[in-house]
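Novice: Before I ask anything, here is the structure I am working with.
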Amino acid sequence: QRYEGEKDYQLKISIDEIPAFVKAGAFIPRLNDFQSTDHYPDQQLMMHYYPTLDTDSSSYSFFEDDGKDAQNLAHMNYQVTVFDALTSPERIIIKVHRDRNKYRQNQQDRRIIWHIHHLDHFPKAVTLNGKRIFVYNSLQKPAIKNIDAKYNEETQELMINMPWDQDLFEIEIEK
């Protein structure tokens, strides 16, 4: 559900269900559950994006290092991935650029699963670096190939499961 900013709302909540509010245009990274940074599950990142209703842009920088050396920043042993989005009434364009510096953590078999929220209908087209991706209805059960895209009409969410093996890529969603 969407709420307009700078207003007061009375919401019924329970200890079992507490709402989380996300600003339009936000990127929210998530990982699978883990008990310790010794077992940091870095092979699969879930990136949630909440587009704005109007024409707008947003950006998010995702910092990663090995979590073991306090001198990683000084030694340039880290990477920063920048997520930029441009949203208009017709389309969403997401550009991703990763700057690895000296960071050479295992990037093989790494995947990013996009969750694009608040798409009120099946997208007309989805492209990755200009190449069209087939989007399934969430009721269909396709085998995950290299890239798997599904739209869930009930949750109004587009999910794209793809390899994260490129340092630069662009996703375009035509609404």
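Novice: Using DSSP to define loop residues, name the trypsin sites (Lys or Arg not before Pro) in the stretch 1-106 whose beta-carbon has at most 12 other beta-carbon atoms within 10 Å.
Specialist: Numbers: sites: R2, K7, K12, K23, R30, K68, R91, K95, R98, R100, K102, R104; in loops: R2, K7, K12, K23, K68, R100, K102, R104.
Counting only loop positions with at most 12 other Cβ atoms within 10 Å, the trypsin sites (Lys or Arg not before Pro) in the stretch 1-106 are R2, K7, K12, K23, K68, K102, R104.
Novice: Here is a follow-up. Solvent-accessible area of M76, probe 1.4 Å, all protein chains present, reported in Å² to the nearest ten, please.
Specialist: Counting only protein heavy atoms, the figure is 80 Å².
Novice: Which is the longest stretch in the chain that no exposed loop site breaks, taking sites as chymotrypsin sites (Phe, Trp or Tyr not before Pro) with a DSSP loop state and at most 16 other Cβ atoms within 10 Å? Write out the running numbers ahead of the final one.
Specialist: On the way: sites that count: Y3, Y9, F21, F34, F134.
That would be 35-133.
Novice: Give the ranking of L45, L139 by solvent-accessible surface, highest area first, calculated with a 1.4 Å probe.
Specialist: So, going from the largest accessible area down, we get L139, L45.
Novice: Next question. Arrange the residues L53, L11 by how much accessible surface each exposes, largest first, with a 1.4 angstrom probe.
Specialist: Heavy-atom accessible area, descending, gives L53, L11.
Novice: Per residue, how big is the convex hull of the stretch 79-175 when only Cα atoms are used? Give it in Å³.
Specialist: 96
Novice: Per 10 Å bin, what is the whole-percent P(r) computed from every C-alpha pair distance within the chain?
Specialist: Using 10 Å bins, I get a P(r) of 8, 33, 33, 20, 5 for the chain.
Novice: Starting from the stretch 113-174, pick out the GluC sites (Glu not before Pro) whose DSSP state is loop and whose Cβ has at most 16 other Cβ atoms within 10 Å.
Specialist: Details: sites: E153, E154, E157, E170, E172, E174; in loops: E153, E154.
When the GluC sites (Glu not before Pro) of the stretch 113-174 are filtered for loop state and at most 16 Cβ neighbours within 10 Å, E153, E154 remain.
Novice: At a threshold of 8 angstrom on Cα-Cα distance, excluding pairs fewer than six apart, so keeping six or more, what relative contact order does the stretch 107-175 reach in percent?
Specialist: 47
Novice: Another one. Taking Cα pairs under 8 Å and at least six residues apart, what relative contact order does the chain come out at, in percent?
Specialist: 20
Novice: Run down the aspartates and glutamates and flag those whose C-alpha is under 15 Å from the C-alpha of K150, throwing out any fewer than 8 positions away in its chain.
Specialist: D120, E172, E174
Novice: Let me cross-check I13: its accessible surface, 1.4 Å probe, with only protein heavy atoms counted, in Å² to the nearest 10?
Specialist: The accessible area comes out at roughly 110 Å².
The values are calculated or read from the model by the stated rules, or taken from the named source; none is laboratory data. In this text, all values refer to a predicted model and were calculated from it rather than measured experimentally. Virtual Cβ from ideal backbone geometry, glycine too; neighbours counted across all protein chains shown. The area values use the complete protein model at the heavy-atom level, side chains included, leaving out ligands, DNA and RNA. Shrake-Rupley method; radii C 1.70, N 1.55, O 1.52, S 1.80 Å.
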